[in-house]
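Let me begin by presenting the structure, written as structure tokens, before commenting on it.
The values are calculated or read from the model by the stated rules, or taken from the named source; none is laboratory data. Everything numeric in this text was worked out from a predicted model, so none of it was measured. So basically every Cβ, Gly included, is an ideal-geometry build from the backbone, and we count neighbours across all protein chains shown. SASA here: full protein model, heavy atoms, side chains in, ligands and nucleic acids out. Shrake-Rupley method; radii C 1.70, N 1.55, O 1.52, S 1.80 Å.
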Amino acid sequence: MINKFFNVFSLNIFMKMGVFFVRKPVIAGNWKMFKTVSESLSFLDKIIPACKSLHKVEIIICPTFLSLAPMAEKAKDTNILLGAQNTHWEKEGAFTGEVSSYLISDLGINYAIIGHSERRGYFQETDEWVNNKIKAALNFNLNPIVCVGESLEERENGQTRKVVETQLAGGLNDIDLNQAGSIIFAYEPIWAIGTGRSATSSDAQEVISFIRRWLSESYNMETAQKVPILYGGSVKPDNIGSLLAEKDVDGVLIGGASLKEDSFIEMVQIANIS
Ligand code: PEP
């Protein structure tokens, strides 16, 4: 009893001091431009019962905009959370084809992926746009999942830290301490996305601990210890365990392997006991 009291007591002190935070693992699926509305709903029908007792993991699915509203309705009162894959920073207006954080959060959606390398690459999104989107998401109570990561050429030239640092500094410009604490970060090396070539768990740990140090220096240690930092890039059931075993890897952002119910459930189960 005394031991238990002492453990809880010292844990509280450490948490208050910002020395130690228990970060719940996050499994986030990025469905990209896949799955019709009915396919998305039938995926939910399978995973809701399979995941319902798995409370030690945060489960997030980011489907297309079309599926967000019906999925939000079906996932209500379950432990499956939803996120958008992109947002526009204006509240509303003449921006044909865009969807704003304001409109997304009205559906009861909790998250939005911002700055994915496919958006940065194919749609020329700059760090300034990423910054605007993060600010708007936070203003409308969406938790941004902010992606950063280097290309193969940048890695081979030894520029990984410089690239990641530039993306962090640009994306978080003028974002204050309280707001930064609501962000999830995802280190997603471009060369690992959709290629089947994952970063090794020690490479992921190395860059993610660099991101945590950068947050500690730019904000404070408490914020750096509190925020989840995920790894993304060719995560599958057979490599997720070793990635999650790394000290600073708090979860994963998964593209391809999140599209199949069985592999998604398997990865959630592994994270739940990690
Ligand atoms: C992604 O799209 O964010 C991603 C990590 O994709 P994949 O898992 O397919 O590499």
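Structure values in brief
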{"read-out": "Matching option when the condition is out of contact with any Gly (no Cβ under 6 Å at 6 or more places or on another chain), in a helix (DSSP H, G or I), open to solvent by 30 Å² or more (accessible area, probe 1.4 Å) and not acidic (Asp, Glu), among Ser263, Ser209, Ser202", "value": "Ser202"}
{"read-out": "Residue that is nearest to the ligand (Cβ to nearest atom) [pool: residues in the stretch 212-234 that are touching a Leu at 6+ places or on another chain (Cβ under 8 Å) and part of a loop (DSSP other than H, G, I, E, B)]", "value": "Val227"}
{"read-out": "Single residue of Glu125, Glu153 found to be surrounded by fewer than 18 Cβ atoms within 10 Å (Cβ to Cβ) and either assigned to a helix (DSSP H, G or I) or within 16 Å of the ligand (Cβ to nearest atom) (or both)", "value": "Glu153"}
{"read-out": "Subset of the stretch 135-150 that is out of contact with any Gly (no Cβ under 6 Å at 6 or more places or on another chain), closer than 25 Å to Gln205 by Cα and not in a loop (DSSP other than H, G, I, E, B) - its residue that is nearest to the ligand (Cβ to nearest atom)", "value": "Ile145"}
{"read-out": "One residue from Ser274, Ser198 being under 18 Å from the mean Cα position of the chain (by Cα), at pLDDT below 95 and within 11 Å of the ligand (Cβ to nearest atom)", "value": "Ser198"}
{"read-out": "Helices (runs of 4 or more DSSP H) completely within the stretch 1-78 that count 2 or more residues being surrounded by 11 or more Cβ atoms within 10 Å (Cβ to Cβ) and at pLDDT 95 or above", "value": "37-51, 65-75"}
{"read-out": "Flag if Tyr102 is touching a residue at least 24 places away in the same chain (Cβ under 8 Å), touching a Lys or Arg at 6+ places or on another chain (Cβ under 8 Å) and either under 25 Å from Val227 (Cβ atoms) or polar (S, T, N, Q) (or both)", "value": "yes"}
{"read-out": "Single residue of Ile193, Ile175 found to be out of contact with any strand residue (DSSP E or B) (no Cβ under 9 Å at 6 or more places or on another chain) and under 21 Å from Ile113 (Cα atoms)", "value": "Ile175"}
{"read-out": "Every residue from the stretch 235-259 that is within 11 Å of the ligand (Cβ to nearest atom), within 12 Å of Ser201 (Cα to Cα) and open to solvent by 20 Å² or more (accessible area, probe 1.4 Å)", "value": "Asn239"}
{"read-out": "Residues of the stretch 136-150 satisfying the condition of being over 14 Å from Gly83 (Cα atoms) and open to solvent by 60 Å² or more (accessible area, probe 1.4 Å)", "value": "Asn139"}
